[in-house]
Each structure stands twice: as structure tokens, then as C-alpha cells.
């Protein structure tokens, strides 16, 4: 039996630096330069000649994200001292003090230009950034303007690893600096300690002074992030996406954040905030029910379009519709407006028109402060009791005037208009514009109807 197989050939451990993660087999492998086993001189062994280290992943995980170039890793050689089949067991965090020369081994071999040309991940610029190629400070930064319809993105150049010096390689979201007051009380996480993170961007783009239809204003809830090391469990990607499960006492929180600041946040006591830094779509391929145990406010800066394929029913204790301009209600068929006690329509000008227009009620008033006009091809004003027409001046004009009823309406007019003198030049039937005033008695109504019929042209 040969002793040269894993288990009898002695474990050989190693530490090394990842120099390439672009695995052609897409298995999550990476090329590692191992301390003691490989020279730092790339003339002795180039990056492309380093062995591919195979990852070991937890049971049930079917996807592996290889570590970035420049990351320290450790593992074992499956073939022992032959050192040709490395196995990656994990990464080793640290506090890097300098950015090593990429031409020398045991460092990130890619330049900023290499990473930009390869479309590698990069973070957003939030305070301007330093261009390593030109040596100039770039002022452009990501922002959410007051009148914008979404966040305006400015990306940094991709950076060599490590991005930050003299601080741990762990996520800044996992190890913030917590400020303290003079009395020792906690005063919040300092912005400098989480600079460049999605939480930093969320803090800088909160929306305030949002008006409501109730006449007041409200502000977006400030991000609930108040983490304390080591209680915030963080997964943060190279471009800035983050998933946090924060167990910090009194600030327990679960949050999923996009690098732009779009977020789903569950803060203390389960309070939930959903924010999109750009457009949003909500699609339900079935029924949807929404319940709000309290008040609901919606504010829309632009237009609001509601399309309902079926019936729309609104039920409320009271309904108030306020428009800052004109308001139109249109229906291809009928519009019914009913009030249990009264219906009031008012304005500088109120118009009612249609092929047939009816205004009725226990008591119906048609009035205007300046003038009131009732007109039509045939206008009927009738009442089972009495019809009152009054004013400083009441004028009734028509080519044919018919006043009929149990009692002449002129008795109700302060300054009666005399009955017109018969005119022999009255137009022939069918050419007039009759206006009939009559009460609801059978005699008066019959006379009015007969007169109106006589004005209808014979066909």
C-alpha cells in the first residue's frame, strides 16, 4: 500500500495571497501564491502558472464566491508535499499597512485600469474620490436632487485591494465607531466610520418636509443603524450591497440594502421601511388585500392615474375632494348624485345642460347673486303647490308667452309685467321658441301641453 494519499501523507498547511479569481471552470477556484512554497518573484512563477486552489463549502451550498485578488487565504495541499492540489479552507482578515507593488508577488496584481477595463465591481462616489491615474481629486458624487425622479449615480474607479489601509479588512458596517457624550452616554455611530457604505448614502439622502393632504408635513425615518461590534452580522459586497442582521441591544435590526440606498429595513419593534431610490413596480398576479390599522397618507409630486377594470367603490364616514384647479367628472351614461338631506352646488358660474335636465327635491332653489338664467327649447317650471318667481326685476322674453294656471303668476311679482298685446305678425306654428309657465293643476297643465304640441312642425 502506498502512503501517498490524503490521510496517510501528512497534512501540509499553507497561507497565501489570491492573485486571480477568474476561474475558467466557474467553480469558485482561485490561483494562490503560497508563502514558503512560491517565490514573490514573478519571473520564477507567474500568476497564470500558480495552481488553482479548490474551495471547500458548507453542505447544501451550491454557489461559491471566490475571494478578491489580494485577499489572504489558508488551506491544505491534498497531495501533501507535492503541493500541486491546494484546497482553500477560508480567508484571513487583517489590518494592511501598505498597498504593495502589483509587479511583485503576494499582492493584488491588477491595476485600476485593468479592473476598469474588465468591468470589475466598484463602489459609488459619495464625497468625491481620488483618481489614482491622474492624481486629481474628483468632485463628482452620487446625489439625490430635490427635483429628481431618482438617484443620480457617479461611480468611483475600481480600487486595488485593500481599499482601506490601517483598518481591519472586515466590513465597516460590522465595526462602526460609536460616539459618546461627556457623561459617557451613547451619542450615535459616527459618519466617518461608515463612510462609503450604503448606510452612509441612506443617511445623506433622507427625504424631509413631505406635505400631506391633511395640511401637515412628515420626514422619512432616519436609518435605524446603530450597530456595535461584534453584534452586527454583515455580508457586504465589493460594490456596496449589504445584508445585515443586527443583534445590538436596543437597536435590533434586519436590513437588506442596495448600493444606491434602496432598502428594506426592519427596525426595533418590527417597524418596516421600504425605500426605492429610483422607480418601483409592484405586481400581484392574483388578489391583494391591504389593511392599515391607523391613518394612511400618500403624497405624489406628479400625476396620479388609476385604472380599474371592474367596479370602483369607495366607502367612508365622510368624503372630501379638494382640487387646486378645475375638476371634471365624465361618464358615457348617467351620473347620479344623491344626498340624504341636501345636495349643494355652488360657484361663480354653475351650469347644468343636457338633452333633458332635471332639478327636483322637496324644496328646490335656483338662485344667483347677480343673475339666474333658465333656458331651453321648451322650459317647464312646475310645482304641485306654487311656483314663485321674484326679484327687483323679473323679465320673461319669448316670441310666444303663455301664462296659465289657477291664478296668474303676475300676482306674485312686486312690479308686474303687463300682458303682451297680441301681435298679428306672430310666426307660424313651428317657428317659435315657447316658454311655458304652468302649475300642476290639470287645467293649467293641459293648456301648456296643448300649446307646446301646437308648436311642433308637422312632418
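Calculated on the alpha-carbon coordinates, the convex hull of region 172-275 measures out at 120 cubic angstrom per residue.
Based only on other Cβ atoms within 10 Å, what is the fewest-to-most ordering of 321, 274?
321, 274
Compared with the direct C-alpha span, the chain from residue 296 to residue 350 gains 16.0 nm at full extension, assuming 0.36 nm per residue.
Among 275, 363, the order by Cβ neighbours within 10 angstrom, fewest to most, reads 363, 275.
Using the Cα coordinates of region 293-382, the gyration tensor eigenvalues translate into equivalent-ellipsoid semi-axes of 32, 17, 16 Å, sorted from longest to shortest. Sorting the Cα pairs of region 13-109 by distance into bins of 10 Å, from 0 upward, gives 17, 51, 28, 4, 0 percent per bin.
Read-outs throughout are calculated quantities, based only on the coordinates presented, and are distinct from any laboratory measurement. If you're wondering where the values come from, they're calculated on a predicted model, not measured in any experiment. Cβ atoms come from the backbone with ideal geometry, glycine included; neighbour counts cover every protein chain shown.
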